[in-house]
Structures are given as structure tokens and as C-alpha cells.
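Colleague: One structure is given below, represented as C-alpha cells, and several questions about it will come after.
The values are calculated or read from the model by the stated rules, or taken from the named source; none is laboratory data. Model, not experiment: these values are computed from the prediction. All Cβ positions, even for glycine, are placed from backbone atoms using ideal geometry, and neighbour counts span all protein chains on display.
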Amino acid sequence: MAELNAKIRSIKCAVIGLFIVSSMITMSACVAEKRVEKPVSAQIPTGDFTLIAHYADVFLSANNGTGGHRTIFAQTLIDGVDEPNKADEINDYYILDIRKPDDYAAGHVAGAVNVQLGDLAKRDVLATLPTDKPILIICSTGHTASIANAILSCLGYDAWTLRFGMASWGASTPTAVWSSTVKQDIKGGNYAVVTGTQP
Ligand SMILES: [Ca+2]
Ligand SMILES: [Ca+2]
């Protein structure tokens, strides 16, 4: 009987000992974690998030020399200077016009496909966008196109914004600049447009 009690006591001691040791290991791990500040990059989860963060970095750190982030001037697109390995002419691009259908029908760049901004990230719409050529996004002034550009860039597309949008393309476009109710004429390049609902 005494021998059995001694065995039980030794088992109890072993269990308590294990508990103390494991608690100490856990505590020291917590202290170590608090002491070592992880760099920000190490806190980004792996997987899809890392890929999106990479594309976001590419987009935000890009500057094509004109002060804009992945923007291109209308004149550059139709000046006849067309280097084979550079997206420097309108024919190099898949053209996406994200304005309202009425504005699109009133006049758009030849070949431009009309997709509303709100529909752009729908799966079936994304599936129509090319992954083997740059995408030129056109809106009225460039603001909305830049939103679409940022989104498509984060999804891995080679997206570009027509700088100042259709205001830079038409002869003269009444545009609200400093007030939502007052419009002033913005002079554009007076380049050709196609009217109607078809590209
Ligand atoms: Ca050109
Ligand atoms: Ca080219």
C-alpha cells in the first residue's frame, strides 16, 4: 500500500512538474514575442493578399515620367510615334470607356468598349478583359478612370488612364472643376470620336 502511495505521489509530482515547465516555456515565448518587433512586411499575410499588396505597390510607386501614375496623354496616343515594344499608340490598347451610356453614345474613342464602373469588377466582366495587352481606361476627366485603374492594377491587369479623360480628347468640354454647379470649357485635342452605342 505504501509503495502504491509513493507511486501516486511521484506521478502527481511529474504532472505538476510538466505543467510548470510548459507554463514557463509559454511565458518566455510571450515575453520574446513582445520584445521582438516584427517588421511591417512580415505582418502581411501570405497568399492572395501578398499578391494584391505587390500589385498595389507596383501601381502606387509607378511614375511614367509625366507626374501621373499610369496615365497617358491623348496626344501621345495618336502622334504616330509607335514603338513596337511600348504602349505608346491607341492601337496598342484595349480601350475601356466607363462613362454613362448616354455620354458614351454622344461620342467615344473608336473601338472603346462601354462598361460601367460599378460593373467592372463583376466576374463575367473581368473575364472579358485582356491579360496580354494594356487596357486604356477612359472617363470624363480622369478621376473615375483612375479609381478603375487602381482596382484593375491591384488585380494584376496592365491598366492605364487617359489623362484628363474625354475632356482631353474633345474640342471643348464643359467641365465642373472648382464647383459642382459651375462649368468651364476645357480645351482638348479635338480628336475623332464615334457616336452611337457600338464601339
Ligand atoms: Ca504615340
Ligand atoms: Ca507601340
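Colleague: Quick one: in region 56-109, of everything that is more than 12 Å from residue 137 (Cα to Cα) and basic (Lys, Arg), which residue is modelled with the lowest pLDDT?
Modeller: 86
Colleague: Looking only at region 44-84, filter to residues that are small (Gly, Ala, Ser), part of a loop (DSSP other than H, G, I, E, B) and more than 9 Å from ligand 1 (Cβ to nearest atom); which one of those is surrounded by the most Cβ atoms within 10 Å (Cβ to Cβ)?
Modeller: 68
Colleague: Right, something else. Looking at (1) in contact with a strand residue (DSSP E or B) (Cβ under 8 Å, 6 or more places away or on another chain); (2) within 20 Å of residue 73 (Cα to Cα); (3) aliphatic (A, V, I, L, M), which is the one condition that is false for residue 115?
Modeller: Against the list (1) in contact with a strand residue (DSSP E or B) (Cβ under 8 Å, 6 or more places away or on another chain); (2) within 20 Å of residue 73 (Cα to Cα); (3) aliphatic (A, V, I, L, M), residue 115 comes up short only on (2).
Colleague: Can residue 106 be described as of a type outside the set (Val, Ile, Thr) and more than 27 Å from residue 62 (Cα to Cα)?
Modeller: yes
Colleague: Could you check region 85-199 for strands (runs of 3 or more DSSP E) lying wholly inside it with 3 or more residues that are of a type in the set (Ser, Thr, Tyr) and within 18 Å of residue 71 (Cα to Cα)?
Modeller: none
Colleague: Right, residue 173: assigned by TED's automatic domain parsing to the domain that holds residue 80, buried (at least 17 other Cβ atoms within 10 Å of the Cβ) and among the hydroxyl-bearing types (Ser, Thr, Tyr) or not?
Modeller: yes
Colleague: What are the residues in region 85-114 that are within 16 Å of ligand 2 (Cβ to nearest atom) and either at positive phi or surrounded by 14 or more Cβ atoms within 10 Å (Cβ to Cβ) (or both), if any?
Modeller: 87, 88, 89, 90, 92, 93, 94, 95, 111
Colleague: Then there's this: On the given criteria, is residue 161 within 18 Å of residue 97 (Cβ to Cβ) and not assigned by TED's automatic domain parsing to the domain that holds residue 95?
Modeller: Judged against the criteria, residue 161 is not a match.
Colleague: Which of the residues that make up region 123-178 are among the β-branched types (Val, Ile, Thr), at pLDDT 95 or above and within 20 Å of residue 193 (Cβ to Cβ)?
Modeller: Listed by number, the residues that qualify are 135, 137, 138, 141, 144, 161.
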